[in-house]
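The values are calculated or read from the model by the stated rules, or taken from the named source; none is laboratory data. Just so it is clear, the model here is predicted, and its values are computed rather than measured. Please note: Cβ atoms are built from the backbone with ideal geometry, for glycine as well, and neighbour counts cover all protein chains shown. Surface accessibility is based on the protein's heavy atoms, side chains included, excluding ligands, DNA and RNA. Shrake-Rupley method; radii C 1.70, N 1.55, O 1.52, S 1.80 Å.
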Number of protein chains: 2
Amino acid sequence: MSAVRLLDELSHAPQQSEWLDTILKGDCVAALDRLPEKSIDVIFADPPYNLQLDGDLHRPDQSKVDAVDDDWDQFESFEAYDAFTRAWLLAARRVLKPNGTIWVIGSYHNIFRVGAKMQDLGFWILNDVVWRKTNPMPNFRGRRFQNAHETMIWASRDQKGKGYTFNYEALKASNDDIQMRSDWLFPICTGGERLKNDNGDKLHPTQKPEALLARIMMASTKPGDVVLDPFFGSGTTGAVAKRLGRHFVGIEREQAYIDAANERIDAVRPFDEADLTVLTGKRAEPRVAFVSLIDTGLVTPGATLYDAKKRWAAKVRADGTVAIGDSAGSIHKIGAEVQGLDACNGWTFWHYERSGGLTPIDELRRIARLGMERAGG
Amino acid sequence: MSAVRLLDELSHAPQQSEWLDTILKGDCVAALDRLPEKSIDVIFADPPYNLQLDGDLHRPDQSKVDAVDDDWDQFESFEAYDAFTRAWLLAARRVLKPNGTIWVIGSYHNIFRVGAKMQDLGFWILNDVVWRKTNPMPNFRGRRFQNAHETMIWASRDQKGKGYTFNYEALKASNDDIQMRSDWLFPICTGGERLKNDNGDKLHPTQKPEALLARIMMASTKPGDVVLDPFFGSGTTGAVAKRLGRHFVGIEREQAYIDAANERIDAVRPFDEADLTVLTGKRAEPRVAFVSLIDTGLVTPGATLYDAKKRWAAKVRADGTVAIGDSAGSIHKIGAEVQGLDACNGWTFWHYERSGGLTPIDELRRIARLGMERAGG
DNA sequence: AATCACAATGAATCCAGGT
DNA sequence: AACCTGGATTCATTGTGAT
C-alpha cells in the first residue's frame, strides 16, 4: 500500500523500504536530494511545459478553452525555466543507476530547452519518441497546423551507459514482428481513465494515458525495477508500475494530487507475472489525403478528373484541391457542388483516364495506402 | 536559368536580379551577410547534424553502413555547434522579412540545440512538425527504437510576427476537409529522385524528398515568394520552388553539389500558373460593411432580421446598425448581446425572410461582393 | 432496448486591420 | 504603441437525454 512520506520524517539516511512505492511530498529537487544515489532504474518526468498563453481562446461555438494556466507552469523567462530544468535534471541524474535511463516528455514550448540541457549535463540521447495523438485538440483559429503530438526524449545516464534495459525482442514480437518505431499512436486520456474532482471536472490538467506509460515501462524496465516520477501529478506512473510489477517512487507538491494518486494506485490489481506481455497500441486505419497522391506522383497538377459518365471535368491543382471554372475545393466539396448535393465521396465519384477507360481515383488511394501501412497511418 | 554567383563578383550591394534563382557559393554566414535585409519570405534550413558516430557502424551482414561522416559534419563539441547554430540563425534572421517564417529540420542529435537557440534569438515557434518516414533505415543493433522520424521547427521571425503566410484552407481541402496535423508521412528520398554521382553512389548524404519541400511551400508560401536555403546541398529546395512557381536562393560551399543542383533545377519544368492557384477562404475576401448593403439597396432601413430559430428579431436602421428594444449596435454586437456571448458573427447569425424561409444575410454579402468585383474592387 | 441528436471537452504559446 | 472592432474558426470521443 502506498503512503505519503513527509521529508521531515526522513532525518536519517532513508532505507529503501521507507520510500519504495510511496509518494514523497514536497519540492522535486529537495525530495530527490533525500534519496540515495544510484538507486533508480528508470525515471519518467513530465515537467511543466512553460506554456506562454496570451488571453483567452474560444472555440468556434464561442465556448472557452480550459487552458493550462496553473501557477506551477508560470516562469519569468527562458533563463528561469532553464535554471529550473538544470536543477531537477542534476538531482535526477544523481539518483539514477549508472545503467539507468530517463524519459522526459514535453511539447515544442519546452522540449528543445530540456533536450539541450540534458545533453549539456552528460545524458546520452538514445531516441526521441513521438507520441501521436489519435484525438488531439484542433487548432481553433486555423492559423497553424493542428498540434497533434508530443515529444519524449529517452536517454541514458552517460554516453558509456552500456547495459541499459531495452526489451527489443518483446517489443518487436508485440508489433507484428516489425521493430518498434520512434512514433507511437495513442489516444489522449479521457473517459473513465481520467480522474475527476468532486465537481466532475478533470482533477489534473495534464494526466497522461496509462497506455503510454505501459509502452515505456515494457520497453525500458524489467519486472521489479524501480521507476521514479519527479512530477507525479495524478499518479499514472505509479498505477502502471504497480500493474506491471514494477516499483515506483513519486514526488508531488500538492496534497490533493497525492491523495487522489494514492487512492488510484491502491485500486490497481497487478497483473500476474505470467501475463506481463506487452500491450499494443491502437492501429489506426491509414487515412489517405488526396494531396498525398500528388506527393507520390500518382496524380500530377493540371490533370483532369471526370465523373463516371464524363458529365463533369475537374482540374487538379498543386495545392491538392480541384477546380471547375471559378469553383475550387476538395474532391468531396466539388463533387457535391456539381451534383447539387450536400455531400459526396470524391474518392468514388471522380475518375481518371487510363487506357481509354475511366478508373476511380479510389484505386490510386489503394495504391498509396500500400506504402503507408507499415508506418501505421 | 540558374547560375553560380561567386561572392567576389558581388563587390557592390547586390541587386535582387543578381541572386534570385541562383546558388551563392561560399560559407553560409558570409553569403547571407551579402544579401539585403528583409528580402526573404521563407527559409528552409537543413543544417549539419553533428552526428557522433563512435567508430564504424556495421549491418548484421558486416557490410559497412555509409554513414554521415563527411568532415563538414564533425564538431569539436556542443559549444562549437551552438556557436555555429547561433551564427547562421542570426544571419538568416536578418534577411527574413518581418512577416517571414523559417523551417529547420533536424534529428535528436541537433534539433534540441537548434530549437533552444531559435527561441533565445527571438524566433517564435509556430509548430514542431514530425516527418514520419514510411521506409526508415532499421536499427541494426536492436538496442534502440527504429529512428523513424525527423523533426522540423516552423517559426516566425518575431513573437509579434503577424501576417505570416499559412494556406490553411488549401491544406484542409487537400486533406479530406480535415485540418492538417503536425505529423506528416512521406517516404525517404530513394530511387530515381535520388541524385547519384559517377560511381552510382548517392551524391549527397541527406537529400530530402521533394514531397516534403512541396508540402512546406504549399503551406507557408504564395506563388512568387522567395525561398532561401542556406544549406542547399543537392538543391531539393530549388527544384521544388521552381516547379511550384516560387523563387529560390541557395547557398552552398561545395562545387560538386552546386553543379549537380544547377543541372537538376534546369531540368525542372514549372507547373502551369493556373494550376498553382492557392485555395483561400473567407478571411481573404474583401471586407464588406453591413451599411453598404443598405447603400446598394439589398437591405432597406426598417427591415427585420431574425436568428435561425426566430427567437430574436432586430430592426435595421439607416445608419447600418440594428436595434432590439433599447439596444442598438452592429450586427455582431447585438447578436452577441442577445445570446449573452462575448462575440458573434452577425453575418451568419442574422437572417432575413425570403419566400417564407429564412436566409442568412451572409448571402447578401456574397451578392454585394460580386457587385464589387464587377466594379473592379 | 436501441438509436440518434446534441452537448461537452482536451498541455493552445491560435487575428488582422484600422484609429 | 495601445486600443478597438469586425468577424473567422474545430476533431475525436464521451456522456446525456430524448425519441
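When B:Asn110 is tested against (1) of a type in the set (S, T, N, Q); (2) crowded, with 19+ Cβ neighbours inside 10 Å; (3) closer than 22 Å to A:Arg365 by Cα, exactly one condition is not met: (3). The single condition from (1) in a loop (DSSP other than H, G, I, E, B); (2) farther than 14 Å from B:Thr101 by Cβ that B:Ala211 fails is (1).
Yes or no, residue by residue, for (1) within 16 Å of DNA strand C (Cβ to nearest atom); (2) open to solvent by less than 40 Å² (accessible area, probe 1.4 Å):
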{"site": "B:Gln159", "(1), (2)": "yes, no"}
{"site": "B:Tyr168", "(1), (2)": "yes, yes"}
{"site": "B:Asn175", "(1), (2)": "no, yes"}
{"site": "B:Ser182", "(1), (2)": "yes, yes"}
{"site": "B:Glu193", "(1), (2)": "no, no"}
{"site": "B:Asp198", "(1), (2)": "no, no"}
{"site": "B:Lys202", "(1), (2)": "no, no"}
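Among the helices (runs of 4 or more DSSP H) confined to region B:234-329, the ones with at least 1 residues that are away from chain A (no Cβ under 14 Å) and open to solvent by 30 Å² or more (accessible area, probe 1.4 Å) are located at B:255-266, B:290-295. For region B:273-290, residues that are within 7 Å of DNA strand D (Cβ to nearest atom) and more than 21 Å from the chain's Cα centre (by Cα) total 4.
Across region A:330-340, the qualifying residues are those that are touching a strand residue (DSSP E or B) at 6+ places or on another chain (Cβ under 7 Å) and open to solvent by less than 70 Å² (accessible area, probe 1.4 Å), and the one among them that is farthest from the other protein chains (Cβ to nearest Cβ) is A:Val338. Tell me yes or no: at least one residue of region B:140-150 is in contact (Cβ under 8 Å) with a residue 12 or more places away in the chain, more than 10 Å from chain A (Cβ to nearest Cβ), acidic (Asp, Glu) and within 21 Å of A:Tyr108 (Cβ to Cβ). Scanning region B:140-150 turns up no residue that is in contact (Cβ under 8 Å) with a residue 12 or more places away in the chain, more than 10 Å from chain A (Cβ to nearest Cβ), acidic (Asp, Glu) and within 21 Å of A:Tyr108 (Cβ to Cβ). Of all residues in region A:112-139, exactly one satisfies the criterion of being more than 7 Å from every other protein chain (Cβ to nearest Cβ), touching a residue at least 40 places away in the same chain (Cβ under 8 Å) and touching a Ser or Thr at 6+ places or on another chain (Cβ under 6 Å), namely A:Val114. Among the residues examined, A:Ser107 qualifies as more than 16 Å from DNA strand D (Cβ to nearest atom) and touching a Phe, Trp or Tyr at 6+ places or on another chain (Cβ under 7 Å). Reported count of residues in region A:182-196, each being in contact (Cβ under 8 Å) with a residue 60 or more places away in the chain and not aromatic (Phe, Trp, Tyr), is 4.
For region A:120-128, the count of residues that are more than 18 Å from the chain's Cα centre (by Cα), of a type in the set (Phe, Trp, Tyr), surrounded by 22 or more Cβ atoms within 10 Å (Cβ to Cβ) and more than 10 Å from DNA strand C (Cβ to nearest atom) is at least one. Put simply, of B:Lys315, B:Lys333 the only residue that is within 16 Å of DNA strand C (Cβ to nearest atom) and charged (D, E, K, R) is B:Lys333.
Restricting region B:358-373 to residues that are of a type in the set (A, V, I, L, M) and touching a strand residue (DSSP E or B) at 6+ places or on another chain (Cβ under 9 Å) leaves a set whose member that is surrounded by the most Cβ atoms within 10 Å (Cβ to Cβ) is B:Ile361. Against the numbered list (1) more than 21 Å from the chain's Cα centre (by Cα); (2) within 21 Å of B:Ile111 (Cα to Cα); (3) within 15 Å of DNA strand C (Cβ to nearest atom), A:Ala83 comes up short only at (3).
Report yes if some residue within region A:137-151 is more than 16 Å from DNA strand D (Cβ to nearest atom) and open to solvent by 30 Å² or more (accessible area, probe 1.4 Å); otherwise report no. No, region A:137-151 contains no residue that is more than 16 Å from DNA strand D (Cβ to nearest atom) and open to solvent by 30 Å² or more (accessible area, probe 1.4 Å). For region B:341-357, filtering for residues that are away from chain A (no Cβ under 13 Å), open to solvent by 30 Å² or more (accessible area, probe 1.4 Å) and either within 16 Å of DNA strand C (Cβ to nearest atom) or of a type in the set (S, T, N, Q) (or both) leaves 1. When region B:223-233 is filtered for residues that are open to solvent by 10 Å² or more (accessible area, probe 1.4 Å) and among the acidic types (Asp, Glu), only B:Asp225 remains. Output the residues belonging to region A:204-222 that are away from DNA strand D (no atom under 14 Å from the Cβ), within 16 Å of A:Phe232 (Cβ to Cβ) and either without any contact (Cβ under 8 Å) to a residue 60 or more places away in the chain or open to solvent by 10 Å² or more (accessible area, probe 1.4 Å) (or both). Result: A:His204, A:Pro205, A:Thr206, A:Lys208. Residue under question is B:Gln179, and the condition is that it be within 8 Å of chain A (Cβ to nearest Cβ) and part of a loop (DSSP other than H, G, I, E, B); does it hold? Yes; evaluated as a whole, the condition is true for this residue. The residues on offer are A:Arg94, A:Arg59, and the sole one that is open to solvent by 10 Å² or more (accessible area, probe 1.4 Å) and within 8 Å of DNA strand C (Cβ to nearest atom) is A:Arg59.
For region B:274-325, the tally of residues that are small (Gly, Ala, Ser) and without any contact (Cβ under 8 Å) to a residue 12 or more places away in the chain stands at 6.
In the set (1) out of contact with any helix residue (DSSP H, G or I) (no Cβ under 8 Å at 6 or more places or on another chain); (2) within 16 Å of DNA strand D (Cβ to nearest atom), the condition left unmet by A:Val130 is number (2).
Do we have any residue at all in region A:196-209 that's at pLDDT below 95 and within 14 Å of chain B (Cβ to nearest Cβ)? No: region A:196-209 contains no residue that is at pLDDT below 95 and within 14 Å of chain B (Cβ to nearest Cβ).
Of the residues that make up region A:141-155, is at least one of a type in the set (S, T, N, Q) and within 9 Å of DNA strand C (Cβ to nearest atom)? Yes.
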